[in-house]
1. Of these, B:F66, B:F57, B:F31, B:F88, which one is of a type in the set (F, W, Y), surrounded by 14 or more Cβ atoms within 10 Å (Cβ to Cβ) and under 13 Å from the mean Cα position of the chain (by Cα)?
2. Return the total of residues in the range A:238-263 being more than 20 Å from the chain's Cα centre (by Cα) and at pLDDT below 85.
3. If I ask for residues that are within 13 Å of the chain's Cα centre (by Cα) and away from chain A (no Cβ under 14 Å), which ones from the range B:34-45 would you list?
4. Out of the residues in the range B:1-26 that are more than 20 Å from A:L51 (Cβ to Cβ) and without any contact (Cβ under 8 Å) to a residue 60 or more places away in the chain, state the one that is farthest from the chain's Cα centre (by Cα).
5. Just for the range A:205-217: of the residues that are more than 12 Å from A:I176 (Cβ to Cβ) and in a loop (DSSP other than H, G, I, E, B), which one is modelled with the lowest pLDDT?
6. Based on what the data block shows, is B:L121 at negative phi, at pLDDT 90 or above, touching a helix residue (DSSP H, G or I) at 6+ places or on another chain (Cβ under 6 Å) and more than 10 Å from chain A (Cβ to nearest Cβ)?
7. Which condition from (1) surrounded by fewer than 24 Cβ atoms within 10 Å (Cβ to Cβ); (2) within 14 Å of chain B (Cβ to nearest Cβ); (3) in a strand (DSSP E or B) is the one that A:N120 breaks?
8. Take the conditions surrounded by fewer than 17 Cβ atoms within 10 Å (Cβ to Cβ) and in contact (Cβ under 8 Å) with a residue 12 or more places away in the chain and apply them to A:N45. Does it pass?
Amino acid sequence: MRNLIAFLRRFQIFLIFASLQVISLVLYVQFLSFPRSQYLTTASNVTAKILTWENDVTKHFDLSKNNYALQRENIRLRERLPEFMYKLSAQKVKIQDTVFQQQYTYIPGMVINSSVTRRNNYFTLNIGSKQGVQPNMGVFSDKGVVGIVHNVSEHYCVVKSVLTKDINIDVIIEPIHLAGILKWDGHDPRRGSIDGISNDLRIKKWSRVVTRGGSGIFPKGIPVGKVERIESIEGEPLWNVVVRYSEDYRTLQRVYVVKNVLIEEQHELEGQIPPDEEEDLLR
Amino acid sequence: MNNLTKNIIRFFVFVLLQTLIFNQLEIGYGFHLMIHPLFIMLLPFEMGVISLMGLAFLMGIIIDIFSNTYGLHASSLVMMAYFRPIVFKFYGPREGYDPLKEPNVFDMGNRWFTFVFGILLLTHHLWFFLIEIFQFNQLFFILQKTIFSAVPSFLICLLLQSFLIKKSKTK
């Protein structure tokens, strides 16, 4: 016993050092995959408040550009209103739609804190559970996909962006509907890559990449980017498809959170699949 | 102003500078400015390693909360705090350090500061990117990021000292 105490005394400094390292590394590894509480993230109230003050100053820096983008989106939507169209037939027609039911609703939000240069980049939004945001909802902007909600507090949420290690959004390359998984290698915030595309398939350069909408997180057809380069991977029968993102995440401000009305039904149905196949289907 | 209040104020100044200004500067190409290690460097000479590591851990966790890194900054700051006394001993004068002086560039001279802070900052950055990327086949990328971030961080730390320290000395 005395020896033990003497030992502990002798290596006291190193032991404290090691335990502090272990605490911080365990926190780091755990929180990357399973966020247990909101207090260690920017979704917590105090940090989000301070970041909101900061954002109140800096959000005006890109004001004219952002206004222009919103205006453009407005025009695109207004063009589809019936008042803006020329009537070809004089008769009034009222359509009671029984074929389509709305599946996705959208919650508008604003990015108050973001990073693009780290290995795993998270964006903080100024909307939270009060506005109906829940973890695992999709987030996109008018130009492209942004990420998946990771952690929610009352008034704020943290989004795991497409610029993280295992974001794994399922996407398709457009004209031939090739399905793959979106990844990011941590080098360039303007480019990502698609995994799992067999190298006997022909892919055209600059073909559009959109979301597949398979897991119910995103609706189908939200733009991701364009195919910039196709490289072969050594020793594997797969292409490494480099995608140039259509959204510039360095200046991102206005985003929409996707709420899927039917997600519970889908999960319930998918939960009935025997457990060993479950891993392939749940994202 | 006594030493304790000075360091408490510095603590908050460095945390706010890092989180609200330097974390928001996204230059790309692997540049990642981190100036908060300067706080650990500027703590008094006679401070023990354990309290150093405690402070480093606290500061790291606060910065982690602001940048969603959950312990990455804390780990690398504790690493730096652990090596601080070792490097100080190695480069120290034979009769020991003058407790009235502070380990900044004005009191200790350019040469000493460049060596000691350079080594500590490199340790900090190397550990930070090693843990963040954690893929050994990307060793070149880790080293590139370390050098690209450590050199500008070092220069900004030199500049910051003339803002933060000279003023507090004249008061």
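The values are calculated or read from the model by the stated rules, or taken from the named source; none is laboratory data. Just so you know, these numbers come straight off a predicted model, no measurement behind them. In this analysis, Cβ positions are derived from the backbone assuming ideal geometry, glycine residues included, and neighbour counts consider all displayed protein chains.
1. Details: B:F66 fails: under 13 Å from the mean Cα position of the chain (by Cα); B:F31 fails: under 13 Å from the mean Cα position of the chain (by Cα); B:F88 fails: under 13 Å from the mean Cα position of the chain (by Cα).
Going through B:F66, B:F57, B:F31, B:F88 in turn, the sole match is B:F57.
2. First, pick out the residues of the range A:238-263 that are more than 20 Å from the chain's Cα centre (by Cα): A:238-240.
In the following step, the residues that additionally are at pLDDT below 85 were identified as none.
Result for the range A:238-263: 0.
3. Within the range B:34-45, the first condition is being within 13 Å of the chain's Cα centre (by Cα), and the residues that meet it are B:34-43.
The answer is B:I35, B:H36, B:P37, B:L38, B:F39, B:M41, B:L42, B:L43.
4. Quick first cut of the range B:1-26, residues more than 20 Å from A:L51 (Cβ to Cβ) only: B:1-10.
Within this subset, residues satisfying the condition of being without any contact (Cβ under 8 Å) to a residue 60 or more places away in the chain are B:2-5, B:7-9.
Working: B:N2: 22, B:N3: 19, B:L4: 19, B:T5: 19, B:N7: 14, B:I8: 16, B:I9: 16 Å.
In this case the residue turns out to be B:N2.
5. Among residues in the range A:205-217 that are more than 12 Å from A:I176 (Cβ to Cβ) and in a loop (DSSP other than H, G, I, E, B), the one modelled with the lowest pLDDT is A:G214.
6. Working: at negative phi: yes; at pLDDT 90 or above: yes; touching a helix residue (DSSP H, G or I) at 6+ places or on another chain (Cβ under 6 Å): yes; more than 10 Å from chain A (Cβ to nearest Cβ): yes.
It is true that B:L121 is at negative phi, at pLDDT 90 or above, touching a helix residue (DSSP H, G or I) at 6+ places or on another chain (Cβ under 6 Å) and more than 10 Å from chain A (Cβ to nearest Cβ).
7. (3)
8. Working: surrounded by fewer than 17 Cβ atoms within 10 Å (Cβ to Cβ): yes; in contact (Cβ under 8 Å) with a residue 12 or more places away in the chain: yes.
Criteria met by A:N45.
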